[in-house]
């Protein structure tokens, strides 16, 4: 397997693991956190910040999520999903721009 | 860290390992290391594999260049822990800490080659704005960077956009300069596996 394919394959395995691997949060909750879309109000501040303004996450964001019934293990998973999701979108955007620039259509 | 499970939720074997690391390194176990030991089947094992592939797998970029990219992306994300860790690692890898500091202070005037500068500029745009265009990529390619190198840089960018977010969200505790240097030595010797 070419080296670059190994990088992409390792990334795909990471994404697949957090979305579909064994976890305490439902697959639907994880998919929403990954996509930073349709997040319940209790999680909205935390997940939105992890995706777009990670330096602004506070203790209060975790406290609000816990107060609405999310366990620490669920929050561990959902925060990771949000981080991996945003990074995956950046990776895809970069590869798509490269494919356009080279006219190869294969990098994306 | 902001979740108690990440501070205390480890099995006996992992606790022994952490104690050994403390004794032999003379420093506390970094939160970045603790995170990948917590329920590794969910995230840690695959994250280590991807990060190692991006940072230490075959590439026309040197390990030092990739560590500099990690530090630079972390600076854009304002992740103090990751900036500290990868500034130290890039500085040791180049054997030139001043060069790394110059890039982080002002990319445009820093003493690096044009291809690396153009690549860092593109990674900064992508990280800051969430997207890049074909025009951004053409600038990188015209500075002499190969498409394969761009792909390799994007893998580094993906790995650190994940780690930076987790460092900030979970609240990784900053280390002393000596502990960051010790961690850097470990990362250059062993990588991310």
| note | Computed over chain A: longest principal axis from alpha-carbon atoms vs helix A:41-52 long axis, angle to nearest 10 degrees, is 30 degrees
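Give the whole-number value, in cubic angstrom per residue, of the convex hull volume spanned by the C-alpha atoms of region B:39-101. The partial results should precede the final answer.
Working: hull volume 5.6 nm³, N = 63.
Spread over its residues, the Cα hull of region B:39-101 gives 89 Å³ apiece.
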| query | What FRET efficiency would be calculated for the residue pair residue B:178, residue B:62, taking the C-beta separation as r and a Förster radius of 30 Å, to the nearest 0.05? | reply | 0.75
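Which order do B:66, B:22 fall in if you start with the one that has the fewest other Cβ atoms within 10 Å?
Numbers: B:66 25, B:22 12.
So the residues, fewest neighbours to most, are B:22, B:66.
Using only the Cα atoms, work out Rg/Rh for region B:70-193, with Rh taken as the Kirkwood radius, to two decimals.
Details: Rg = 14.5 Å, Rh = 15.0 Å.
My calculation puts Rg/Rh at 0.96.
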| request: First measure r as the distance between the Cβ atoms of residue B:106 and residue B:142, then evaluate 1/(1 + (r/R0)^6) with R0 = 25 Å and state the FRET efficiency to the nearest 0.05. | output: 0.65
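Highest first, please rank the peptides A:67-74, A:29-36 by the mean number of other Cβ atoms sitting within 10 Å of their residues. Present the calculation step by step, with values, prior to reporting the outcome.
Details: A:67-74: 14.8, A:29-36: 21.4.
Those peptides, ordered most packed to least, come out A:29-36, A:67-74.
Kindly identify region B:120-193 as rounded, prolate or oblate by the Cα gyration tensor criterion: order the square roots of the eigenvalues as a ≥ b ≥ c, call it rounded if a/c is under 1.5, otherwise compare a/b with b/c, prolate if a/b is larger, else oblate.
Values: a/c = 2.84, a/b = 1.75, b/c = 1.62.
Prolate, because a/c is 1.5 or more and a/b exceeds b/c.
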| Exercise: per-residue mean of other protein chain Cβ atoms within 10 Å, B:126-134 | 5
| note | Computed, not fitted: 222 nm per-residue ellipticity of chain A from DSSP H runs ≥ 4 (each -39500 (n - 2.57)), nearest 500, equal to -24000 deg cm²/dmol
| query | Per residue of B:46-52, what is the mean number of Cβ atoms on other protein chains within 10 angstrom of that residue's Cβ? | reply | 6
| remark: Within 10 Å of the Cβ of an average residue in A:12-20, the count of other chain Cβ atoms is 4
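Among A:28, B:53, A:92, which comes first, then next, by fewest other beta-carbon atoms within 10 Å?
Details: A:28 9, B:53 25, A:92 14.
So the ranking, lowest neighbour count to highest, is A:28, A:92, B:53.
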| request: Find the Rg to Rh ratio for region B:1-151, where Rh is the Kirkwood radius over alpha-carbon pairs and Rg uses the same atoms. | output: 1.03
| field | Principal axis dimensions, largest first and in whole angstrom, of chain A by Cα | value | 50, 28, 21
| query | So what's the angle, to the nearest 10 degrees on a 0 to 90 scale, between helix B:114-129 and the longest Cα principal axis of chain B? | reply | 60 degrees
| note | With the 8 Å Cα cutoff and a minimum separation of six or more residues, chain A has a relative contact order in percent of 29 percent
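When the Kirkwood radius is taken over all Cα pairs of the protein assembly as shown, what Stokes-Einstein diffusion coefficient follows at 20 °C and 1.002 mPa s, in µm²/s?
Values: Rh = 19.4 Å.
Once the numbers are plugged in, D ends up at 110 µm²/s.
Note down the relative contact order for chain B as a percent, whole number, built from C-alpha pairs under 8 angstrom at least six residues apart.
On the way: 219 pairs, mean separation 57.5, N = 193.
Computed value for chain B: 30 percent relative contact order.
Just so you know, all these numbers are worked out from the coordinates, no wet-lab data involved. Being a predicted model, the structure only gives us computed values, none of them experimental. Every residue, glycine as well, gets a Cβ built from its backbone with ideal geometry; the counts of neighbours run over all protein chains shown.
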